[in-house]
Amino acid sequence: MSDDGGPTGQIAAALAEHGLIPRGGFVFEDGEDAPSGPSGQPARSLLLIGQAGAAPWRHFERWLETQPAGFENPLDSWSRQVIGQVAKDFGARAASPSDRPHLPFQQWAMRAEGLRPSPLGILMHPEYGLWHAYRGALLFDVEVETPEVREQIHLCDLCVGKPCLKSCPVGAYSGSGFAYEDCLAHVRASAGGACRSRGCLDRNACPQGLAYRYPEAVQAFHMKSFAGLRS
C-alpha cells in the first residue's frame, strides 16, 4: 500500500467515495491485548474510520433506496458493507462498534486522536465539536503509518456555562451520568416531539462545531433509531 504521510492515501480516497474519512490510528504495543487482524493473529496496527458532520448521508440514502422496506439497522449495515469492502481491498480486517463482544472504540478514539469526552459522553473534537462519529476500524497484520497524535485543547474545559447540561426537558445528563430510561421515556412520549424531529436538545445546545451540525433529518433518524420508533 502506498503511503501519503499518514493514513494510506489510497484508503482515504476509497473512503471519500462514501463520505467517510480515516480518523487516526496507532500501532499496538508489544504484548498488548490486541484484537485479531486478517490472519487471525493479534493485529499490529489499527486505523479508525468515521465521519465529520453528515458527509456520508447522501451516500447512505442512495444505498437505502435499494434496500427492502423496513430494513433493520440500515446505517450499521451500510457501514459494515462499505468498510468491509475497503478492508478486503487493502488486506485488513474490518471491525464495527456493534460487534459482540464490544470492542473499545471510545478508548481507541481517545488514543488515536487525543480526544476527551464531553459531559454528554460524546468525544469533543476541536474542529467538529460533537458532530462526528466512528463507523468502524481497519485492523492490519503489519504496521500502518498514521498521523502523530497531538495533544488537543479540550473545549469543554473552556466552556463555563455548560449549556449541554441545561437544555434537556428531563435533565437526562448530569454529573451523575446519563439517565437513559428518563430520556427514552420522554422521546417516546407526546412531549418528546422536539427531540424526535430535531435531535437531542442538549447536544444541539453545544456551541462548538456548528458548521458540522447534522441536519434535522439526520438527527431525527438517529433519535428514532435510539428510541426504536418506526415513524
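Where a number appears in this text, it was derived from the coordinates with a stated rule and is not lab data. Here the structure is a predicted model, which is why all the values come from computation and not from measurement. When we count neighbours, we look across all protein chains shown, and the Cβ atoms used for this are built from the backbone with ideal geometry, even at glycine.
Overview of results
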quantity: Shape of region 159-227, Cα gyration tensor, a/c cut at 1.5; calculated: oblate
quantity: Burial ordering of Met223, Met124, fewest other beta-carbon atoms within 10 Å first; calculated: Met223, Met124
quantity: Around Arg196: net Lys/Arg minus Asp/Glu count, Cβ-Cβ under 13 Å; calculated: +3
quantity: Span-like helix ranges in the chain, DSSP H, alpha carbon extent 24 angstrom or more, Kyte mean at least -1.0; calculated: none
quantity: Neighbour net charge for Leu130 - beta-carbon separation under 12 angstrom, K R +1, D E -1; calculated: 0
quantity: Likely footprinting exposure, Glu145, Glu72, fewest C-beta neighbours within 10 Å first; calculated: Glu72, Glu145
quantity: Within straight-line cross-link reach of Lys224, lysines at Cα separation under 28 Å, skipping those fewer than 8 residues along the same chain; calculated: Lys162, Lys166
quantity: Local electrostatic count at Gly121 - Lys and Arg +1, Asp and Glu -1, tallied over other residues with Cβ under 13 Å; calculated: +1
